[in-house]
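*Asks:* Would you mind keeping the following structure in view while I ask a few things?
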Amino acid sequence: MPGGHAQTLRPFMWRAERLYPDTEIVSRTHEGRTRHTYAEYADRTARLANALDDYGIERGDRVATFCWNHTRHFETYFGVPNTGAQLHTINPLLPDEHIQYIVDDADDEIIFVDPSLAEKIAGAAEGAAEFDGVDFVAMGSEGIDALDAPAYEEFIADHSTEYDWPDLDGDQPAGLCYTSGTTGKPKGVEYTQSMLWSHTMASQTPQGIPMEDSDVVMPVVPMFHVNAWGMPFTAAAAGAKHVYPGPSPDPADLGALIEEEGVTISAGVPTVWLGLREHVEAGNDVDLSTLDTVIIGGAAAPQALIEWYDERGVEVLHAWGMTELSPIGTVSHLKSDLREADYETQVNKRSKQGLVAPGLEFEVIDEDGEEIPWDGEAFGELRIRGPWVTKEYFKRPEANEEEFVDGWLKTGDVVTVDEDGYMQLVDRTKDVIKSGGEWISSVELENAIMAYDGVSEAAVVGVPHERWQERPVAFIVVAEGVDRDELVERIETGLRDEYPKWWVPDAVEFIDEVPKTATGKFSKKDLREQYGDQSLVDGAVPEDDAPEQE
Ligand code: ADP
């Protein structure tokens, strides 16, 4: 339905510019902190669109970014799709082979590159036929010789601040993002204009991640990670102030931006918020008084972390999503009838992955192919569908056959749903630990362990075991000065009280850091590769002491 009636991104930008011309977009960049208003943003975005036309980008062409979170990157968020082209946000933390594969698969025409990432992309591009015909633009005031890239400021400079934005169809591809491909090649997920529109509108409902024009929104989640969970679009729809944390922000950078810009809503994976907690616990003073809400998603938010932020007046909204879902699927809001419940009950609900976002439907199918009851106990694989859930993978017919069934996306997540409708992720199908024919939830053990004082990160993986098939082993990162023996004793005793004996990890190993994926999540695959040999478990658990499980 073209002609200005379709579900497209353009009205969000138009409204922000007209209603909130003076509201700011702030960014930490390699050139210092920058500030623009929505009025300036609209001018610059029109210049970008004209420059892309001039370069020869046409409707349906793919324009890529290789960037951290900053205002110029945000300019591509509306500037590229609103012309009818498709914005492909590349994750710069991927290995070179994956970058080569996706640039080729997406058939990118041009890539906008941050100076700090120039070396990385030059390395991936060197001698790689996949990059033939791809041009680069440097995200800054200076070009990058090694890439033959003009400066972005020069690229857009001589162009008009007026642009005749076309009427697009809702089905027009607007975005493209690849899943990080923990197994096999990365898979592309296309976002159409109407998917991004409906995701933005659902985010703006009270049970989404709503924003107001008084909000100051800081997405820490990278803009290459599923459109920073759609926050730049939602913030623009609301006319909120944006704050972008720039290249590789550390907890001190985030703390400074929160304090100095008055951030009210922020979002990121648990490691970001664990990092800020540690920074504060180490004695650094960070004023969190403006911060109302932190959205934690991408991996399970430990209950202890939610409680820590609660104590400081910051509400954690736990959310679950996937690249395939643009990405929001569930958000853990408290239902009104739980608002009078005691804190323990509330925080228990809030630490689940949450209530399905309005607009989506799901079903949970057990191993016998039956739908599970909503009792908080039975589990199965989550399937989901709705307007912002992709219906297919980009150019991957074989993946489509495996991952979709009767119009539902098979998520690969094993979940329970309780009487109130709160979905809780038990594990990913590939991370669940299979011990003696039973399942152990690695996620639940991790959360339990991360609640112990002195533990900053914990990851639990199944390692092969002759008798039991797999046994859990916990890998933990501890704060300095912690008495390690005493801590292990405390954890093991605590877990034995709380869980069946065979759930208790056979070993608790100390490591310096849990390896992370390209999207900042714990990489169980790398952990298993580094430590998952049988000798560890055999050494740790003499056969006679192995827990009885029958
Ligand atoms: P990748 O597989 O590349 O990490 P996504 O970023 O799309 O891709 O990750 C989606 C997966 O991340 C989900 O299927 C789920 O397993 C996990 N996930 C997302 N949010 C949460 C959450 N709040 N709690 C636990 N796991 C989560």
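*Asks:* In the range 322-355, what residues are farther than 21 Å from Trp273 by Cβ, open to solvent by 40 Å² or more (accessible area, probe 1.4 Å) and in contact (Cβ under 8 Å) with a residue 24 or more places away in the chain?
*Replies:* Lys335
*Asks:* What single numbered condition from (1) of a type in the set (Val, Ile, Thr); (2) within 22 Å of Ala202 (Cβ to Cβ); (3) surrounded by fewer than 21 Cβ atoms within 10 Å (Cβ to Cβ) fails to hold for Ile384?
*Replies:* Unmet condition: (3).
*Asks:* What is the number of the single condition among (1) within 19 Å of Thr192 (Cα to Cα); (2) assigned to a loop (DSSP other than H, G, I, E, B) that Leu93 does not meet?
*Replies:* Condition not satisfied by Leu93: (1).
*Asks:* Given the conditions (1) surrounded by fewer than 18 Cβ atoms within 10 Å (Cβ to Cβ); (2) at pLDDT 95 or above; (3) of a type in the set (A, V, I, L, M), and given that Ile476 satisfies all but one, which numbered condition is not satisfied?
*Replies:* (1)
*Asks:* Which residue is farthest from the ligand (Cβ to nearest atom), if the candidates are limited to the range 293-308 and must be hydrophobic (A, V, I, L, M, F, W, C) and part of a helix (DSSP H, G or I)?
*Replies:* Only one residue tops the list, namely Trp308.
*Asks:* For the range 221-280, how many residues meet the condition of being more than 16 Å from the ligand (Cβ to nearest atom), touching a residue at least 40 places away in the same chain (Cβ under 8 Å), open to solvent by 10 Å² or more (accessible area, probe 1.4 Å) and more than 27 Å from Met201 (Cα to Cα)?
*Replies:* Adding up the residues that qualify gives 5.
*Asks:* At positive phi, outside any helix (DSSP H, G or I), within 16 Å of the ligand (Cβ to nearest atom) and without any contact (Cβ under 8 Å) to a residue 40 or more places away in the chain - does that describe any residue in the range 460-471?
*Replies:* Checking the range 460-471: not a single residue is at positive phi, outside any helix (DSSP H, G or I), within 16 Å of the ligand (Cβ to nearest atom) and without any contact (Cβ under 8 Å) to a residue 40 or more places away in the chain.
Each row is one residue, and each column tells you yes or no for (1) more than 15 Å from the ligand (Cβ to nearest atom); (2) charged (D, E, K, R).
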residue	(1), (2)
Pro166	yes, no
Gly175	no, no
Lys185	no, yes
Trp197	yes, no
Asp215	yes, yes
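*Asks:* Looking at (1) open to solvent by 20 Å² or more (accessible area, probe 1.4 Å); (2) modelled with pLDDT under 95; (3) in a loop (DSSP other than H, G, I, E, B), which is the one condition that is false for Thr290?
*Replies:* Just one mismatch for Thr290, condition (2).
*Asks:* Something else: Name the residues in the range 98-149 that are of a type in the set (Phe, Trp, Tyr) and touching a strand residue (DSSP E or B) at 6+ places or on another chain (Cβ under 7 Å), would you?
*Replies:* Answer for the range 98-149, where residues must be of a type in the set (Phe, Trp, Tyr) and touching a strand residue (DSSP E or B) at 6+ places or on another chain (Cβ under 7 Å): Phe112, Phe136.
*Asks:* So, in the range 482-535, how many residues would count as being away from the ligand (no atom under 16 Å from the Cβ), hydrophobic (A, V, I, L, M, F, W, C) and part of a loop (DSSP other than H, G, I, E, B)?
*Replies:* Number satisfying all stated conditions: 3.
*Asks:* A follow-up question, please. Filter the range 220-244 down to residues that are in contact with a helix residue (DSSP H, G or I) (Cβ under 6 Å, 6 or more places away or on another chain) and either among the basic types (Lys, Arg) or part of a loop (DSSP other than H, G, I, E, B) (or both), then give me how many there are.
*Replies:* Qualifying residue count, the range 220-244: 5.
*Asks:* If we scan the range 114-123, do we find a residue that is surrounded by 18 or more Cβ atoms within 10 Å (Cβ to Cβ) and either in a loop (DSSP other than H, G, I, E, B) or within 16 Å of the ligand (Cβ to nearest atom) (or both)?
*Replies:* yes
*Asks:* Residue check: is Tyr38 at pLDDT 95 or above and crowded, with 18+ Cβ neighbours inside 10 Å?
*Replies:* yes
*Asks:* Could you tell me whether the range 309-321 includes any residue that is open to solvent by 20 Å² or more (accessible area, probe 1.4 Å), within 10 Å of the ligand (Cβ to nearest atom) and modelled with pLDDT under 95?
*Replies:* no
*Asks:* Being under 30 Å from Pro173 (Cβ atoms), of a type outside the set (A, V, I, L, M, F, W, C) and open to solvent by 30 Å² or more (accessible area, probe 1.4 Å) is true for just one of Glu398, Glu438, Glu419. Which residue is that?
*Replies:* Result of the check over Glu398, Glu438, Glu419: Glu398.
The values are calculated or read from the model by the stated rules, or taken from the named source; none is laboratory data. Nothing here was measured: the structure is a model prediction, and the numbers come from that model. So basically every Cβ, Gly included, is an ideal-geometry build from the backbone, and we count neighbours across all protein chains shown. For the accessible areas, the whole protein counts, side chains as well, though only heavy atoms, and no ligand, DNA or RNA atoms are used. Shrake-Rupley method; radii C 1.70, N 1.55, O 1.52, S 1.80 Å.
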